[in-house]
1. Output the residue which, of all residues in segment 43-102 that are outside any helix (DSSP H, G or I), in contact with a helix residue (DSSP H, G or I) (Cβ under 8 Å, 6 or more places away or on another chain) and not polar (S, T, N, Q), is surrounded by the most Cβ atoms within 10 Å (Cβ to Cβ).
2. Among the residues of segment 7-17, are any in a helix (DSSP H, G or I), closer than 25 Å to M103 by Cβ, among the hydroxyl-bearing types (S, T, Y) and touching a residue at least 12 places away in the same chain (Cβ under 8 Å)?
3. Could you list all residues from segment 189-222 that are over 24 Å from Q285 (Cβ atoms), surrounded by 12 or more Cβ atoms within 10 Å (Cβ to Cβ), aliphatic (A, V, I, L, M) and modelled with pLDDT under 80?
4. Working only within segment 337-382, note down all residues that are in contact with a Gly (Cβ under 8 Å, 6 or more places away or on another chain), at pLDDT 50 or above and more than 18 Å from G289 (Cβ to Cβ).
5. Regarding segment 301-312, can at least one residue be identified that is surrounded by 18 or more Cβ atoms within 10 Å (Cβ to Cβ), more than 20 Å from the chain's Cα centre (by Cα), in the same structural domain as R264 (by TED's automatic domain parsing) and at pLDDT below 80?
6. What pairs come out if I take residues in segment 121-150 that are over 21 Å from P67 (Cβ atoms) and pair them with residues that are at pLDDT 90 or above and of a type outside the set (S, T, Y) whose C-beta lies under 6 Å away, six or more apart or interchain?
Amino acid sequence: MVVAEWVLDISLPLLPLLAVLLLNGIANLLYARRVGEATLTELFGQYCFDIASLSALLFFSGGATNPFVSLLLPPVAMAALSLPLRPAMAIAALACVAYSLLMVAFVPLAVADATRATRLHLAGMWLTFIVSAVMLLWLIARMTTAIRHRDAQLAAAREQGLRDERILALAAQAAGAAHELGTPLATMAVIAGDLEHDARLGVEAQADLALMKTQIAACKRIIHQLAERAGAERWEAAKPTPADVWAQGVIDRWMSLRPRPGARLEIAVSAAPAPSLVAEPALDQGLVGLLDNAAKAGAGQILVSVSWSAASLRIDILDNGPGFPADVLQIGGREPLTHRASQVHGSDGTHPAAGSGLGLFLADTAVRRHGGRLALSNRPEGGGCASLELPLAS
């Protein structure tokens, strides 16, 4: 309007045009409050209002002779991308009716020179094409990005569903195995108790027997806890525990089952106190599985490093073994390993030992349930590193 009135010297009925623009401004302010929440009915109403207001502007500025009449097309394309078929067809029909009426009913532009009017019309058609192309490109790019994001979320949901099915299958097998292990463990406990009173056993045999009884008791405790967790106990009811205290407790329980390989906890120096978390039992078991893997990889001491920031908690388990094979790094605990990928070298680097990769798989699943991630890497100085990162918000 400014360019036509003061640059091109074309007289326009400014009062009705400004009234239409004022209504557009008020409508946009109202619509802005509903961005991201608008229903299909509201979106349909916005398209109708846009076509009606644009038609009113065109009516007072030459009707169908105004090259900007082609701007009735982008709302039709937007409706086709964002509305169901019938409402989109209604928007297209409304645009066609508006265009048809503007061919017979309009306020003509005051341009006396026909040659100048033709040049202005061509320039207006060029500008309309540029504006329409930019609008459509922007809209389609946003729609495509949204569709890709939705597809990625659906794929992640499907993958999580498959992982949950595997976890349920493992849980059922674990419950059955726990039930079956109760009897042989009880038998072993009785035999160990009888042997303890055998005077013919030497001091070393007595020490080994005491260790065996400790291990049997630990196994029975684990089975009892498994039965409780399968019942009415809910981990959500647990009390928050400082992260360093929780990590030290898991390490202590793990070392009670593995008295020979040791683990050392290292707390990063931080001005902020250790954050508290409510760790479900699966997260404890995941950390234990990673400690088991580190113990199998090398004969030296395992380092567990705990650090935190305002947003996340990080736990690094470092060993001095030969490092993770390329196949394991690629899978990264997202699924159990194949036989070839599960061949890990012993501490001397020459004797392979097969593993199913369930420890990594369970650890990755537990970390994902907390909204975090598990990353595997090989250290430049030698050895492997399994890093758990948990968001403190969850």
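1. If we take residues in segment 43-102 being outside any helix (DSSP H, G or I), in contact with a helix residue (DSSP H, G or I) (Cβ under 8 Å, 6 or more places away or on another chain) and not polar (S, T, N, Q), then F60 is surrounded by the most Cβ atoms within 10 Å (Cβ to Cβ).
2. no
3. Answer for segment 189-222, where residues must be over 24 Å from Q285 (Cβ atoms), surrounded by 12 or more Cβ atoms within 10 Å (Cβ to Cβ), aliphatic (A, V, I, L, M) and modelled with pLDDT under 80: just L201.
4. Those that are in contact with a Gly (Cβ under 8 Å, 6 or more places away or on another chain), at pLDDT 50 or above and more than 18 Å from G289 (Cβ to Cβ): N378, R379, G382.
5. No, segment 301-312 has no match at all.
6. none
The values are calculated or read from the model by the stated rules, or taken from the named source; none is laboratory data. Model, not experiment: these values are computed from the prediction. All Cβ positions, glycine included, derive from the backbone under ideal geometry; neighbour counts span all protein chains shown.
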